[in-house]
Amino acid sequence: MTQTALIADGGRTDVVGRPMPDFPVPAPLSSHGPARIVAMCNQKGGVGKTTTTINLGASLAEYGRRVLLVDFDPQGAASVGVGVNPHELDLSVYNLVMERDVRLDDVVQTTAIDGLDVLPANIDLSAAEVQLVGEVARESVLARALRPALDDYDVILVDCQPSLGLLTVNALTAAHGVLIPLECEFFALRGVALLIETIEKVRDRLNPALEIDGILPTMYDSRTLHSREVVARVHEAFGDTLLHTVIGRTVKFPDASVAAEPITAYAPNHPGAEAYRQLARELVARGDTA
């Protein structure tokens with residue numbers, strides 16, 4: 001994966017020609033919390049939301065941050081990706097948001113990655129979309145459920161389902177920021193305007209503090225004109241909302257998923273692992289995570 005290009009004076013540029021900053025390793029934290037909640041959001045499936053949630057979380061944990069992954073997709077892929085079997089759960093995030101007597105500590109599970117915990121999900125969560133329709137303050141149930149976690153973690157990453165339904169609106173209502181993984185493909189590009197419109201509606205009506213932390217190009221292939229054109233179009237439309245880091249296309253990501261490990265553990269020296277570490281450093285440098 002080619003993330004940057006060398007230019008004549010020895011400096012580096014990113015894939016759209018901007019000077020590439022040097023993102024330093026984050027300083028250690030003397031204490032943890034309050035957490036920043038980041039929703040991983042895109043209504044298109046297969047763009048790298050879950051891969052990014054898992055690997056960004058693992059990278060932040062490597063840098064000493066306490067991270068909670070919230071699997072808010074009934075498919076449970078983020079849970080599987082950190083070694084949790086969704087079919088063997090006694091309690092899941094569904095119980096936490098729908099049952100008042102279930103506490104966060106009853107549901108959270110540790111992972112093999114030090115500093116990385118998960119709030120797992122399974123197919124039960126699909127029922128919440130229907131059941132929440134009749135609830136009072138139905139858009140805010142996830143925010144209520146996550147409140148006890150804010151003092152214990154530095155970052156809470158919410159893996160959203162590929163839709164703009166009530167579960168995703170809950171994630172946006174709970175979040176401080178949104179990270180938009182965007183596959184480097186024109187069909188994926190078409191949906192970004194609709195997603196940003198939804199984010200703006202949530203900001204206007206439900207969560208005035210909500211920010212767009214950045215658009216992250218995923219499945220980038222520097223050998224193809226198509227990938228380069230898509231990223232150039234995103235930069236043209238959204239400016240510096242486009243992050244400097246890009247995530248390249250590689251078979252190592254699905255391999256790591258099969259092994260139920262982040263790529264930072266499965267293949268720690270792979271360029272994909274380094275890309276997610278750079279993403280973690282970039283977000284910390286931008287002030288978008290602790």
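Rule-based calculations on the coordinates, nothing more; no lab input. Since the model is a prediction, treat every value here as computed from it, not as a measurement. Don't worry about glycine lacking a Cβ; one is built from the backbone with ideal geometry, like all the others, and counts go over all protein chains shown.
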In the Gaussian network model of the chain, springs joining C-alpha atoms below 10 Å, which of Ile247, Ile123, Ile215 carries the largest mean-square fluctuation? Ile123
Over the chain, with a Gaussian network built from C-alpha contacts below 10 Å, which listed residue (Leu116, Leu166, Leu216) shows the highest mean-square fluctuation? Leu166
Kirkwood Rh over alpha-carbon pairs of region 92-159 plugged into Stokes-Einstein at 37 °C, 0.692 mPa s gives a D in µm²/s of 255 µm²/s
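Which of the GluC sites (Glu not before Pro) found in region 100-202 are loop residues per DSSP with 14 or fewer other Cβ atoms within 10 Å of their Cβ? Write out the running numbers ahead of the final one.
Details: sites: Glu129, Glu135, Glu139, Glu183, Glu185, Glu197, Glu200; in loops: Glu135, Glu185.
Of the GluC sites (Glu not before Pro), the ones in loops of region 100-202 whose Cβ has at most 14 other Cβ atoms within 10 Å are Glu135.
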In whole Å, what three semi-axes, largest first, describe the equivalent ellipsoid of region 30-286 built from its Cα gyration tensor (square root of 5 times each eigenvalue)? 27, 22, 17
Helix-only CD estimate at 222 nm, as mean residue ellipticity for the chain, using -39500 (n - 2.57) per DSSP H run (n ≥ 4): -10500 deg cm²/dmol
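I need to check one value: relative contact order of the chain, counting alpha carbon pairs closer than 8 Å and at least 6 residues apart, in percent. Write down the numbers at each step before the final one.
Working: 578 pairs, mean separation 77.2, N = 290.
Here the relative contact order equals 27 percent.
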With θ set to phi - 60°, apply the Karplus curve 6.51 cos²θ - 1.76 cosθ + 1.60 along region 123-139 and write out the HN-Hα couplings as whole Hz, x wherever there is a Gly or Pro. 4, 4, 4, 4, 5, 5, 4, 7, 5, 6, 3, x, 7, 6, 6, 5, 7
Of the residues Asp152, Asp71, Asp204, which exhibits the maximal mean-square fluctuation in a Gaussian network model of the chain defined by a 10 Å Cα contact cut-off? Asp204
Can you tell me the alpha carbon radius of gyration of region 147-203 divided by the globular rule-of-thumb value 2.2 N^0.38 Å? 1.27
Between region 158-216 and region 24-74, what's the alpha-carbon centroid distance in Å? 16 Å
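Just flag the trypsin sites (Lys or Arg not before Pro) in region 25-80 sitting in loop per DSSP whose Cβ has no more than 11 other Cβ atoms within 10 Å. Intermediate values should be presented prior to the final figure.
Working: sites: Arg36, Lys44, Lys49, Arg65, Arg66; in loops: Lys44, Arg65, Arg66.
Loop-located and lightly packed - none at all.
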From zero up to wherever the largest Cα-Cα distance of region 40-123 sits, split into 5 Å bins and tell me the percent of pairs in each. 3, 16, 26, 24, 18, 11, 2, 0
Cα long-axis angle, helix 271-286 against the chain (0 to 90 degrees, to the nearest 10): 80 degrees
